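**Student:** Have a look at this one before I ask anything.
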Amino acid sequence: MRLHELPDDVFVLGAHAPDWRSAVRIAGDALVAGGVTTDAYAERMVQVVEEFGAYIVIAPGLALAHARPGPDVLHDGLAVVTLDEPVVFGHPHNDPVEVVLALAVTSNEGHVTVLAELANVFNDPMATTAIAQATTVEAVRAVLGRAQPEA
Amino acid sequence: MKIIAFCGAGIGTSAILKVNAERALARLGIQADIEATDIAGLAVAAEDAQVILASPELVKFIGKTYADVVVIENYFDLDELTRKLEIALG
């Protein structure tokens, strides 16, 4: 999985979510649309937040929803959702959330490349806002394409 | 030296924290092993760790430890990571 190769199906732009659970479920639906997971995975991502709190809001405006590998993960994948109105997840510093990424992996190993790419993109503090304001999938891909794959 | 990057599920957020902590350590010229782990693996992983990196939300899940617990607000902010690691390891 590489960021610039993500299929159109996993992008949802300008979605409306009344609360954080809805935002995570929209991202889960995008994973299902992309053939990455089955329906059950979205609820497991919600449960991670219910159990451990809003730590998935890892930077201002940006949530990385995820759950452990499981039979509901068909292959490694990532979904990208932007919200029409920011949503509060309950993080002490990084709320409200404008961009929800949803990560699904089949094992605890082997997804280092995509995470290093995400780090390359979001080390730029403007990246979240640039994605939130994008109106086309191509514009989001352009931001994600700033990742320079590590040799 | 060993540093733990800690998250609820042991994938995703802790792995991003690990990647960025490695970049911060490189800035500082410090050699350390960074291990990403989840709550189930934390107690064992932290036995010989000097520092545990965690989100503010997760600090309450860290039990008794001799390691320094360093709270990271923005996992992508290399300046924050570098500053806090320098204090913890200095």
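The numbers here are math on the coordinates, done by the rules we state, and not lab data. Just so you know, these numbers come straight off a predicted model, no measurement behind them. So basically every Cβ, Gly included, is an ideal-geometry build from the backbone, and we count neighbours across all protein chains shown.
Residues checked against (1) assigned to a helix (DSSP H, G or I); (2) crowded, with 16+ Cβ neighbours inside 10 Å; (3) among the small types (G, A, S):
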residue: B:I30; (1), (2), (3): no, no, no
residue: B:A40; (1), (2), (3): yes, no, yes
residue: B:K64; (1), (2), (3): no, no, no
residue: B:L85; (1), (2), (3): yes, yes, no
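**Student:** Of all residues in segment B:66-83, which are within 21 Å of A:V49 (Cα to Cα) and part of a loop (DSSP other than H, G, I, E, B)?
**Tutor:** B:I72, B:E73, B:N74, B:Y75, B:F76
**Student:** Failed condition for B:A43, given (1) more than 8 Å from chain A (Cβ to nearest Cβ); (2) touching a strand residue (DSSP E or B) at 6+ places or on another chain (Cβ under 8 Å); (3) of a type in the set (A, V, I, L, M, F, W, C), with all others met?
**Tutor:** All conditions pass for B:A43, except number (2).
**Student:** If you don't mind, there's one more thing I want to ask. Is there a residue in segment B:2-15 that is touching a Pro at 6+ places or on another chain (Cβ under 7 Å), within 13 Å of chain A (Cβ to nearest Cβ), closer than 19 Å to A:P92 by Cα and part of a helix (DSSP H, G or I)?
**Tutor:** There is no residue in segment B:2-15 that is touching a Pro at 6+ places or on another chain (Cβ under 7 Å), within 13 Å of chain A (Cβ to nearest Cβ), closer than 19 Å to A:P92 by Cα and part of a helix (DSSP H, G or I).
**Student:** Residue check, B:S55 against (1) hydroxyl-bearing (S, T, Y); (2) at the interface with chain A (Cβ under 7 Å from one of its Cβ atoms); (3) in contact with a Leu (Cβ under 7 Å, 6 or more places away or on another chain), all met but one. Which one?
**Tutor:** (3)
**Student:** If I go through segment A:95-107 residue by residue, how many of them are over 14 Å from the mean Cα position of the chain (by Cα) and in contact (Cβ under 8 Å) with a residue 40 or more places away in the chain? I'd like the intermediate steps shown before the answer.
**Tutor:** Let us first name the residues in segment A:95-107 that are over 14 Å from the mean Cα position of the chain (by Cα), namely A:95-96, A:106-107.
From what is left, the residues that are in contact (Cβ under 8 Å) with a residue 40 or more places away in the chain are A:95.
Number satisfying all stated conditions: 1.
**Student:** Would you say A:A116 is closer than 24 Å to A:P18 by Cα and touching a residue at least 24 places away in the same chain (Cβ under 8 Å)? Talk me through it step by step, then tell me what you get.
**Tutor:** Working: closer than 24 Å to A:P18 by Cα: no; touching a residue at least 24 places away in the same chain (Cβ under 8 Å): yes.
For A:A116, the condition - closer than 24 Å to A:P18 by Cα and touching a residue at least 24 places away in the same chain (Cβ under 8 Å) - is not met.
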